[in-house]
Amino acid sequence: MTEALADVARLTAAETAAAIARGELSAVEATQAALDRIAKVDEAVNAFLHVDTDGALAAAAAVDASRAAGEPLGPLAGVPLALKDVLVARGMPTTCGSRILHGWYPPYDATVTTRLREAGIVIVGKANMDEFAMGSSTENSAYGPTRNPWDLNRIPGGSSGGSAAAVAAFETPLAVGTDTGGSIRQPAAVCGLVGVKPTYGGVSRYGLVAFSSSLDQAGPMARTVLDAALLHAAIGGHDPRDSTSVEVPVPPVVEAAQRRDVRGMRVGVVRELSGDGYEPGVAARFDEAVAVLAELGAEVVEVSCPHFDYALPAYYLIAPSECSSNLARFDAMRYGLRVGDDGDAGAEQVMSRTRDAGFGPEVKRRIMIGTYALSAGYYDAYYGQAQKVRTLISRDFAAAFEQVDVLVSPTSPTVAFPLGSKVDDPIAMYLNDLCTIPANLAGLPAMSVPAGLSEGLPVGFQIMAPAFADDRLYLVGGALEAALDARRGYPLLAAAPGL
Ligand code: GLN
């Protein structure tokens, strides 16, 4: 690889696309730079489960041919991207990080995949993840953990840890992740990236392998707020193939990302998500970011959302309940793995052997919790109660948004923790999701934006907005990013990784 191409891998998505549009760089060169970078670092990082070299170069060549023919190019045409392995793409395996889907090739494209292809975005491969998106560290992948590019002995967050690590390690400028309880925002936070969970219904779930259907949402991960906005605009919008997709236009996220003016905006610090319980470095970066917003002219107030204290237990009933139903489809008959089909075994026996061999311990734990919570004798006490809490949390948000335009909190209570340190303690692992879960339960958009470092590791700042006001995230995130970069005198990510 030439030095010039080595630098290409470090360009933002917007810079890459602009260089391609100007003819200074071809899409094939941009894609080759990503592939070379993957070849160099991914053995250590393990961000990718599958790299589609031929498909990526062919997609890039098609962008170059369009340009040569004088056809108009989209704003991200030719930019390489890592796709979380929970979204199906024809021509590549989809495993969801699980053994049970080993060797499965989906016969169709997810709507997100179709939109990426239509935008000329080059899908270079499938990103590692916690099995079926259950986890906060990517240690639940059946294919080995992903490592955090900032410190290879630490977790990259999860469940979209492969997507985050790919972008943080400069393997691709963009990734798509999914977020059911924080799985875009928490890995973005601990890898020093921008990650957005759009409003529920804002991005199609068609072709997103379901974990918890009422919570799952795909969204962008990138190194800058503008890049995330461009990707959000490319994948968002109504899809008749997803009945929960809402028929409203994508909010003006790209314009908002560049406006950088938060004067007069009302910013609410959520009392229940601040105070004790955060690592000191996380709390310090959060307080600084809030002070920066105030200096920029935002009006900062404290807001109480009393039911947020119950969000975590409600989520850990609702998500497993939906998962226990959704994962029933992995029955040894329709997809991937089949174990113990020795000729004498009945269908039920093969199903049970396959599920025993094919699912990892966390997925089994969730299926058992969910099945229990939905069982006739306990339904009202567990699932029913959790749904009531969900309504109360939505009401807290509604009341808060009568007072303020956005709500803010830390994204995650800690920076990236060492690999292996929480893997045997599910409750400690679940506590990572404390700040991110309320937005999922209420279906609201939320962003994590880099807020600086704590002992050399990235800290994320969370912004939450009302439904279909996703542009407010980009407005506040863009202003904060610009102010923090200017203050430090260098862009935050220039400080990234030792790879
Ligand atoms: N960490 C949460 C869980 O394990 C969130 C996962 C997600 O958002 N997919 O369920």
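Couple of notes before you dig in:
- Tail beyond 36 Å, pair distance distribution of the chain (Cα, percent): 24
- Percent antiparallel among DSSP beta bridges (both partners in the chain, rounded to 5): 65
- Summary: within the chain, the longest segment free of GluC sites (Glu not before Pro) located in DSSP loops with at most 16 other C-beta atoms within 10 Å is 25-246.
- Once the Cβ-Cβ distance of residue 299 and residue 378 is raised to the sixth power relative to R0 = 45 Å, the FRET efficiency obtained is 0.45.
- Relative contact order for segment 41-121, counting Cα pairs under 8 Å that sit 6 or more residues apart, in percent: 29
- Segment 406-499: equivalent-ellipsoid semi-axes (sqrt of 5 x gyration tensor eigenvalues, Cα, Å): 24, 22, 8
- Heavy-atom accessible surface of segment 342-499, averaged per residue, reaches 40 Å², computed with a 1.4 Å probe.
- If R0 equals 30 Å, the separation of the Cβ atoms of residue 348 and residue 431 corresponds to a calculated FRET efficiency of about 0.20.
- The apolar share of the surface of segment 27-117, taken as the fraction of accessible area on carbon and sulfur atoms (1.4 Å probe, ligands and nucleic acids excluded), comes to 54 percent.
- In range of the label at residue 102: residues from segment 134-160 whose backbone nitrogen is under 13 Å from the point 7 Å along Cα→Cβ: 142-144
- Solvent exposure of segment 80-148 amounts to 25 Å² per residue of accessible area, where only protein heavy atoms count and the probe is 1.4 Å.
- Using a probe radius of 1.4 angstrom, the carbon and sulfur fraction of the accessible surface of segment 321-433 is 54%.
The values are calculated or read from the model by the stated rules, or taken from the named source; none is laboratory data. Values in this document were obtained by computation on a predicted structure and should not be read as measured data. Note that each Cβ is placed from the backbone with ideal geometry, even for glycine, and that neighbours are counted across all protein chains shown. These area figures cover heavy atoms from the full protein model, side chains too; ligands, DNA and RNA do not enter into them. Shrake-Rupley method; radii C 1.70, N 1.55, O 1.52, S 1.80 Å.
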